Amino acid sequence: MTKPVRVRFAPSPTGYPHVGNIRTALFNWLFARRYGGRFIVRIEDTDLARKVEGAEKGILDSLRWLSLDWDEGPDVGGDYGPYYQSQRLELYKSAAEKLVAQGDAYYCYCSPERLEAMRAEQVKRKQPPGYDRHCRELAPEERAQKEAEGIVPVVRFRVPLEGQTRFKDLIYGDVVFGHSTLDDFVLLKSDGYPTYHLANVVDDHAMKISHVIRAEEWISSTPRHLLLYQALGFEPPEFIHHPMILGPDRAKLSKRHGAVSILDYRDQGYLPQTMFNFLALIGWSLDDRTEIIPRQALVDNFSLERIGKTGAIFNREKLDWMNGVYIRSLTPDEFFDAVQPFLMSDIAAGEALIENEDYVREVLPLVQERAKTLLEVVELTRFFFVDGLDYDASQLIGKKMDAQSTVNALKAAQENLEKLVVLQESATSETLPAFDADSLEAVLRPLAAELELKTGQLFGVLRVAVTGQSAAPPLFATMAVLGRERSLKRIAAALSKL
RNA sequence: GCCCCCAUCGUCUAGUGGUUAGGACAGCGGCCUUUCAAGCCGUCAACAGCGAUUCGAAUUCGCUUGGGGGCACCA
């Protein structure tokens, strides 16, 4: 690499950024950081009709969420701005005029209706759809006539009829397209805005982009771009097309595949470090075994050579697993911070958070290793925050037990727990915690034998009584966090259900 | 229809002429255990097919099949 590395992420604000787009951004960012280059964000807002309000914010928020910081672009500016194509219209216009002047482009007056009819006919006759070059050789008088009629033309590129364009993609290798398969594509629309093809080439050159890293869906428009670079006298950048992310049906990932917006994953409680790692691993690999790769390691080891050529299905199960790994790796404080917004969106949990943050901080370690997402934490911890438990009395009855033995077990537990707490409180004043996990176990374990129950039976009954669930964090720790009063109250409530 | 790309376990992948084809997720079985997790151990599972080159092909070449992408005054 002789030229300084300058790569760009060039989204169009026409919708919310899905995981595929953001992965492209990630690859670009990693490449820039790996080789000490610049990562540039350029907004390709050249389609007025499809522009979506808030889309740009969604895109930038997504990048920020993953900490894909850009060196030039919106907000930060840069030496090659403006970074909005809608503010660079003059550049495209003069490029188009230059091409027309030198005979590489021409004005086309065909109406959308004619073009549509033409395409319909081509499809009907099973011919490749494409512009029929109707205006390619218009005589000056004909042009004047059209102009007089007030028709605003588009500018089309005059693709050579013969020959071929080839390029070496850094991932796919040599790719060749015959010019006969290309049509005279539009450069400048009648509203004065450029098409992607023109704007992209003009800007990549103007912004000194060294490597164009984009999804494979662009590979077939690359020859058009190359033709433009040539006609404009620009030196083309390196081209790198990477495989796409597929839905479970192996088609290009789209809205109908469910959650595809990167922000949906954020809102569902996936950690940014998970998405960063996971996205990098779709299509790229470090070696034959490493899955969990911290951000810095990714930067240090990223390389184009290790991007594969095959499209990859977004594997939700593996994402869940990885998010669990990252959640477990969080310190208690980090976990608290990450989970807080999700807790706040729940009434009971939010209230607990406001009234007694310390209590919440005690609860969280009990579920941290059980959660696959932050959102799930709300469900996992719900019983800690609500007043009344809602479960069916039949759930209380332990394995191989009946209502009577269950009542007996609960009563015995109740008595023993009350006794224990009183004893400890009076005997040891402040030095011993009155209701901790160890003490609880010391009391409850012998009790099972006394009642001639298996520990699993007794603990199971108590678990349902205290949590309303048959699956929950460890019983003693749970009761200790819940506290003496709440625990005994729930046991009493269970008794009244039977 | 035309053009381009791709092809290893269900999924993500390692592999670049000689490997018992490795890892991860999921699944299954077990251990641990008060439940659920986590952890540990084990197990199931793949080179799309056919030719060619070669002493030898997952690895090279061709064809077939399959899949994907593109073919707008969208990006």
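Residues that are farther than 18 Å from residue A:368 by Cα and free of Cβ contacts under 8 Å to residues at least 60 places away in the same chain number at least 1 in the following helices (runs of 4 or more DSSP H) confined to the range A:451-498: A:455-467, A:484-497. Filtered by the rule that a residue be in a loop (DSSP other than H, G, I, E, B), farther than 16 Å from residue A:108 by Cβ and touching a Ser or Thr at 6+ places or on another chain (Cβ under 8 Å), the range A:133-172 gives A:161, A:162. None of A:237, A:223, A:248 is within 9 Å of RNA strand B (Cβ to nearest atom) and crowded, with 18+ Cβ neighbours inside 10 Å except A:223. If you filter the range A:189-215 down to residues that are part of a helix (DSSP H, G or I) and in contact with a Phe, Trp or Tyr (Cβ under 8 Å, 6 or more places away or on another chain), you find that the one that is farthest from residue A:160 (Cα to Cα) is A:206. When we screen A:465, A:409, A:477 for residues that are within 15 Å of RNA strand B (Cβ to nearest atom) and either at pLDDT below 95 or farther than 30 Å from residue A:377 by Cβ (or both), the only hit is A:409. Residue A:67 meets the conditions (1) within 14 Å of RNA strand B (Cβ to nearest atom); (2) assigned to a loop (DSSP other than H, G, I, E, B); (3) at pLDDT 95 or above in every case but one. The failed one is (1).
If you go through the range A:360-401 and keep only what is closer than 16 Å to residue A:483 by Cα, part of a loop (DSSP other than H, G, I, E, B) and free of Cβ contacts under 8 Å to residues at least 60 places away in the same chain, you end up with A:364, A:386, A:387.
When we screen A:282, A:292 for residues that are crowded, with 17+ Cβ neighbours inside 10 Å, within 12 Å of RNA strand B (Cβ to nearest atom) and either of a type outside the set (Gly, Ala, Ser) or not in a helix (DSSP H, G or I) (or both), the only hit is A:282. Taking residue A:324 as the residue in question, decide whether it is small (Gly, Ala, Ser), touching a residue at least 12 places away in the same chain (Cβ under 8 Å) and touching a Gly at 6+ places or on another chain (Cβ under 9 Å). For residue A:324, the condition - small (Gly, Ala, Ser), touching a residue at least 12 places away in the same chain (Cβ under 8 Å) and touching a Gly at 6+ places or on another chain (Cβ under 9 Å) - is not met. Within the range A:166-185, one or more residues are within 18 Å of residue A:92 (Cβ to Cβ) and of a type outside the set (A, V, I, L, M).
The values are calculated or read from the model by the stated rules, or taken from the named source; none is laboratory data. Just so it is clear, the structure is predicted and the values come from calculations on it, not from any experiment. Every residue, glycine among them, receives a Cβ derived from its backbone with ideal geometry; neighbour counts consider all protein chains shown.
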